[in-house]
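Have a look at the structure below, then the notes.
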Amino acid sequence: MKSVFPHRPARLIAVLGFFVVAAALGFSGEKRVWVQYQSGAKGPVMAALAKANGRVHYEFDNLEAVAVSLPEQALNGISRNPHVTLVEDDPIRELHAQNIPYGITMVQAQTAIDNGGTGAGIIVGVIDSGAYAAHPDLPDHPILRGEPDLGAGNQQTWYRDFSSHGTHVVGTIAAVSNSEGVVGVAPGVGGIYMVKVFGDTGQW
C-alpha cells in the first residue's frame, strides 16, 4: 500500500542530516571564550578560528582579542597556537543581571562571602593602567581613590583607563554585589587605591 505521506522519509532524512551537519560544524558542545592574540597577528588567528569552526561574536581590535564560540575539542589547539596569548571563558553578560565569574568559585571566595568575609576595612593598592571611577560595578567614588590626579583629560590621571586593564583588575577584586555585571572577590572592600603607571599607549 502506498504511503499517504510520500515525502516524509525524505524530509526526515533531511532533518537528521541537518543535525549531523550542525554537530560537525560545532553548534553543539561549544564553549564561548575570549581569545587574545599577539600584536599584528589577527589575520592568522582569525584564519585558525575559522578552520576550527569558530563563531566570532565580537572583534576587539583595540584589545587585540575576539569573543568566539568554539567546539570544545578545538580549544586545546587554539590555546597552543603560537600567535595566541590568552584563552579564557567568556560568559554571556546581560543587562540588569549579575554573574558570578568562574574565578570566584575557583578561589572559594563565594564561601568566604557567604560567611561574612567581604573585605570590609581593608584597603587594597593596585598598580596598573588606572580605573574608570564611574563604572557602575565599582565601589563608590570616595572608596575608589588614587594617584596621580592631574585633571580631566590628562592621560596619566588615575581615573582614566584607556586600556581597561586596571578597571578589570579592580573589578575582579571589588566589583559590588548588585543587580548587574559581576561580583568581585571582596565586594565589601574598605577601599581601592589605584596607582596609575601606564598611560594610553601602555607605557608611562
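The values are calculated or read from the model by the stated rules, or taken from the named source; none is laboratory data. Here the structure is a predicted model, which means the values were calculated and not measured. Please note: Cβ atoms are built from the backbone with ideal geometry, for glycine as well, and neighbour counts cover all protein chains shown. Calculation scope for accessible area: heavy atoms of the full protein, side chains included, ligands and nucleic acids excluded. Shrake-Rupley method; radii C 1.70, N 1.55, O 1.52, S 1.80 Å.
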Considering the range 164-175 alone, what residues qualify as being crowded, with 21+ Cβ neighbours inside 10 Å and either of a type in the set (Val, Ile, Thr) or out of contact with any Ser or Thr (no Cβ under 9 Å at 6 or more places or on another chain) (or both)? Thr167, Val170, Gly171, Ala174, Ala175
Could you check, for the range 153-176, whether at least one of its residues is part of a loop (DSSP other than H, G, I, E, B) and under 21 Å from Asn115 (Cα atoms)? yes
Could you look through the range 100-124, keep only residues that are open to solvent by less than 50 Å² (accessible area, probe 1.4 Å) and not in a helix (DSSP H, G or I), and pick out the one that is modelled with the lowest pLDDT? Pro101
Look at Leu95 and say whether it is loosely packed, with under 10 Cβ neighbours inside 10 Å and at pLDDT below 90. yes
The range 177-204, residues that are out of contact with any Ser or Thr (no Cβ under 8 Å at 6 or more places or on another chain), assigned to a loop (DSSP other than H, G, I, E, B) and either within 18 Å of Pro91 (Cβ to Cβ) or of a type in the set (Ser, Thr, Tyr) (or both): Ser177, Asn178, Ser179, Glu180, Thr201
Would you call Ser79 within 30 Å of Ala41 (Cα to Cα), touching a residue at least 12 places away in the same chain (Cβ under 8 Å) and either open to solvent by less than 70 Å² (accessible area, probe 1.4 Å) or of a type in the set (S, T, N, Q) (or both)? no
Looking only at the range 127-134, decide whether some residue is out of contact with any Lys or Arg (no Cβ under 8 Å at 6 or more places or on another chain), under 27 Å from Tyr193 (Cα atoms) and at pLDDT below 90. yes
Subset of the range 125-152, residues part of a loop (DSSP other than H, G, I, E, B) and open to solvent by 40 Å² or more (accessible area, probe 1.4 Å), comes to Tyr132, Ala134, His135, Pro136, Asp140, His141, Pro142, Ile143, Asp149, Leu150, Ala152
Any residue in the range 56-69 that is under 20 Å from Asp161 (Cβ atoms) and of a type in the set (D, E, K, R) sitting within a Cβ distance under 9 Å of a residue that is open to solvent by less than 50 Å² (accessible area, probe 1.4 Å) and assigned to a strand (DSSP E or B)? List the pairs, counting only those 6 or more apart or interchain. Glu64/Tyr37
Pairs with Cβ under 6 Å, 6+ apart, first in the range 157-171 and in contact (Cβ under 8 Å) with a residue 60 or more places away in the chain, second in a loop (DSSP other than H, G, I, E, B): Ser163/Ser129
